[in-house]
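First the structure, in the form of structure tokens, and then the observations on it.
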Amino acid sequence: MVVLFLITIMVFASQRLLPGDPVRVWVGEERDPESIAYFQHKYGLDQPLPMQYLTWLGLALQGDLGKSIRTGIPVRDEILHRLPITLELSVLALLIAVVIALPAGVISAVRKDTAWDYAGNSVALFGLSVPHFWLGIMMILFFAVQLHWMPASGYISPFDDLYENLRRMIMPAFVLGTGFTAVLMRQIRSSLLEVMKADFVRTARSKGLAERPVVYKHALRNALIPAVTVLGLQAGALLGGAIITEQVFVVPGFGKYILDGFNGRDYAEVQAVVLVTAVGYLLINLLVDITYSLINPKIRIEGAEAE
Amino acid sequence: MKSALELAPATPRFIEAEIASPWKRARRIVRRFTRRRLAILGAIVIVIFVVAAILAPWLAPYNPQATNWSKIRKPADAQNWLGTDDLGRDLFSRLIWGAQVSLLAGVLSVLIAVVLGVPLGLIAGYYRGHLDQVIMRITDALLAFPFLIIAIALASALGPSLANATLAIGLSAVPGFIRLTRGQVLAVREEEYVQAARAVGASDLRIFWRYILPNSFAPLMVQATVSIAGAIIAESTLSFLGLGVQPPTPSWGSMLNVAQGFLNQAPWMAWWPGLAIFVTVLGFNLMGDGLRDALDPKDY
């Protein structure tokens, strides 16, 4: 909560203190002083900064995030409309990442120093090093321009046409998931290797347990905990990636809204977007904590005893 | 007590090494070798790009900004090895000049992050107390935001230019360095040699310089190398979004921005700048991995 409060202040301050007068961006450089003063008054920009902040915070707490200065549309409506699009994209990306990274990471660890492992490492390095927007452009070039398998860009609501929606979402989701896949794969591999050296794994083996249950029932469960942590830490990067991906594939989501807001120096938009991002981050952290206890019941019990 | 704990993890490894079959040991040597070879490969890639960037005025066959209306969007041929762009400019020349922008932005922004982040982390970790609280709260708040969003926010607020993009990327990377340095300091400051130095009356500055920094060097070095990779991607991303280098100065990101408009007519415009970013970043990542392996005391 303290962090969230600090964030709102920092966002507010940074937007106001940085150079560049937004009113001039909105009304044009050549406007006369009267109309500039009128705009400043209209949006409360002639008030002292602490007053502006408190006004904004008070309204935000009631769910009113103000109106976009560029379009006049209430920011809340716009966000509610766009957020689901980015959420769908992120969930698909996550799904792709987990489906690839989990088996690949496990195989890399179990078959350490074999061709499988090297292949896995190469894929991970590729995912870490390739610029997302370029990968996106290359995929458009190959699948849309050359093969005509998929449309290059655009968005159709899944409620209108699920098939067309997925056809347009699959490429951006894959691109968005690439970096994620790489990080997750490496984490699963290294933590599984670490866990395999633990005493309880040796015990399980010495009991005469076959390698398969040792890996899947004993080791993997423990190895997944750091992987979930990484998942949570990377969730932010997912949003950053969504900005680029939505830009490349022209998806009208939250990421594109962020970029447009920043470029237009639209205070209402930027503040709202940042607030939503911060709240989202805290929610994800909560989710990660809950997931820990699902994977490893011991964590919950220990936490309860400590309190 | 403390020294006994430190010895403990060494013992099983020793036994393991004893019973490891020669075949296993040979494989480990081979593995280490290949790992180092990859790191060397990464270093070679970086050197090639650095040399290309420095020698750009002599290596580039054409002026990277010279337009040629008779050669608009021509595929690769003997004169223009990688083809030409929408204004008839030579892509190969632009690519070489673009290396300057990417490497400069990548290295300088990480330098900014190190110069600001390491001292702050040192102060927070060494003195603890209220100062630590304040620094870390702000750091946590900043870390709640995706690196790229902060960079985009700063870059758009400062105005689009290479210097501002570099500054924006550098500042966005500061919290990461603060946290890493602080963690290192917390681990090192309780060591006996630091306490001994303090006992004989060494100044704080001397303790930082002689004991804490050298012992935190390895992870910082790895982080810096990998951060350069991230910074190069970030710079090209900002330029791609129009928030970085402005035309007609060639940069890999802005070249891709332009290329996106001609995917049907001139796909080669999109191939090369992206490949250049990919290979450079790969080079830094390989080197970072190599450093991590080489400097990691836990060998696995």
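In the stretch A:216-249, how many are over 30 Å from B:Leu238 (Cβ atoms) and surrounded by fewer than 21 Cβ atoms within 10 Å (Cβ to Cβ)?
8
Does the stretch B:196-205 contain any residue that is surrounded by fewer than 19 Cβ atoms within 10 Å (Cβ to Cβ) and touching a residue at least 12 places away in the same chain (Cβ under 8 Å)?
Within the stretch B:196-205, one or more residues are surrounded by fewer than 19 Cβ atoms within 10 Å (Cβ to Cβ) and touching a residue at least 12 places away in the same chain (Cβ under 8 Å).
Determine, yes or no, whether A:Val123 is away from chain B (no Cβ under 13 Å) and part of a helix (DSSP H, G or I). Outline the logic, then answer.
Working: away from chain B (no Cβ under 13 Å): no; part of a helix (DSSP H, G or I): yes.
Criteria not met by A:Val123.
Taking the stretch A:256-288 on its own, how many of its residues are within 9 Å of chain B (Cβ to nearest Cβ) and among the aromatic types (Phe, Trp, Tyr)?
Selection size over the stretch A:256-288: 2.
One line per residue, one yes/no per condition, for (1) surrounded by fewer than 18 Cβ atoms within 10 Å (Cβ to Cβ); (2) modelled with pLDDT under 80:
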{"residue": "A:Leu17", "(1), (2)": "yes, yes"}
{"residue": "A:Asp46", "(1), (2)": "yes, yes"}
{"residue": "A:Leu59", "(1), (2)": "yes, yes"}
{"residue": "A:Lys67", "(1), (2)": "no, yes"}
{"residue": "A:Thr71", "(1), (2)": "yes, yes"}
{"residue": "A:Leu80", "(1), (2)": "yes, no"}
{"residue": "A:Val91", "(1), (2)": "yes, no"}
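Out of (1) in a helix (DSSP H, G or I); (2) over 25 Å from B:Val226 (Cβ atoms); (3) touching an Asp or Glu at 6+ places or on another chain (Cβ under 9 Å), what's the single condition that is false for B:Leu82?
(1)
Determine which member of the set B:Ala218, B:Ala196 is touching a helix residue (DSSP H, G or I) at 6+ places or on another chain (Cβ under 6 Å) and farther than 24 Å from B:Ile138 by Cβ.
Just one listed residue meets the conditions, B:Ala218.
Name the residues in the stretch A:221-238 that are at pLDDT 80 or above and within 11 Å of chain B (Cβ to nearest Cβ), would you?
A:Leu238, the sole residue that qualifies.
Can you work out which of the residues in the stretch B:67-78 that are surrounded by fewer than 14 Cβ atoms within 10 Å (Cβ to Cβ) and free of Cβ contacts under 8 Å to residues at least 24 places away in the same chain is farthest from the chain's Cα centre (by Cα)?
So, considering only residues that are surrounded by fewer than 14 Cβ atoms within 10 Å (Cβ to Cβ) and free of Cβ contacts under 8 Å to residues at least 24 places away in the same chain, the one farthest from the chain's Cα centre (by Cα) is B:Ser70.
Would the stretch A:290-298 turn up any residue that is buried (at least 16 other Cβ atoms within 10 Å of the Cβ), assigned to a helix (DSSP H, G or I) and modelled with pLDDT of 80 or more?
no
Can you name every residue in the stretch A:142-176 that is over 18 Å from A:Ile100 (Cβ atoms), away from chain B (no Cβ under 14 Å) and part of a helix (DSSP H, G or I)?
Scanning the stretch A:142-176 gives A:Leu162, A:Tyr163, A:Glu164, A:Asn165, A:Arg167, A:Arg168.
In the stretch B:227-257, what residues are within 14 Å of chain A (Cβ to nearest Cβ) and of a type in the set (A, V, I, L, M)? Before the answer, list the steps.
Residues of the stretch B:227-257 that are within 14 Å of chain A (Cβ to nearest Cβ), as a first pass: B:227-244, B:251-257.
B:Ile228, B:Ala229, B:Ala231, B:Ile232, B:Ile233, B:Ala234, B:Leu238, B:Leu241, B:Leu243, B:Met255, B:Leu256, listed by residue number.
Within the stretch A:199-264, which helices (runs of 4 or more DSSP H) (wholly inside it) include 1 or more residues that are in contact (Cβ under 8 Å) with a residue 40 or more places away in the chain, charged (D, E, K, R) and in contact with a Lys or Arg (Cβ under 6 Å, 6 or more places away or on another chain)?
Output list reads A:220-249.
Can we say A:Ile96 is modelled with pLDDT under 80 and among the aliphatic types (A, V, I, L, M)?
Values: modelled with pLDDT under 80: no; among the aliphatic types (A, V, I, L, M): yes.
No: the conditions fail for A:Ile96.
Could you please let me know if B:Tyr211 is of a type in the set (Ser, Thr, Tyr), without any contact (Cβ under 8 Å) to a residue 24 or more places away in the chain and crowded, with 19+ Cβ neighbours inside 10 Å?
Considered against the rule, which asks whether it is of a type in the set (Ser, Thr, Tyr), without any contact (Cβ under 8 Å) to a residue 24 or more places away in the chain and crowded, with 19+ Cβ neighbours inside 10 Å, B:Tyr211 comes out as yes.
Just one of the numbered conditions (1) crowded, with 23+ Cβ neighbours inside 10 Å; (2) modelled with pLDDT of 85 or more is not true of B:Leu220; which one?
(1)
The values are calculated or read from the model by the stated rules, or taken from the named source; none is laboratory data. Every value quoted in this text rests on a predicted model; they were computed, and no experiment measured them. Here the Cβ is made from the backbone with ideal geometry for all residues, glycine too, and neighbour counts use every protein chain on show.
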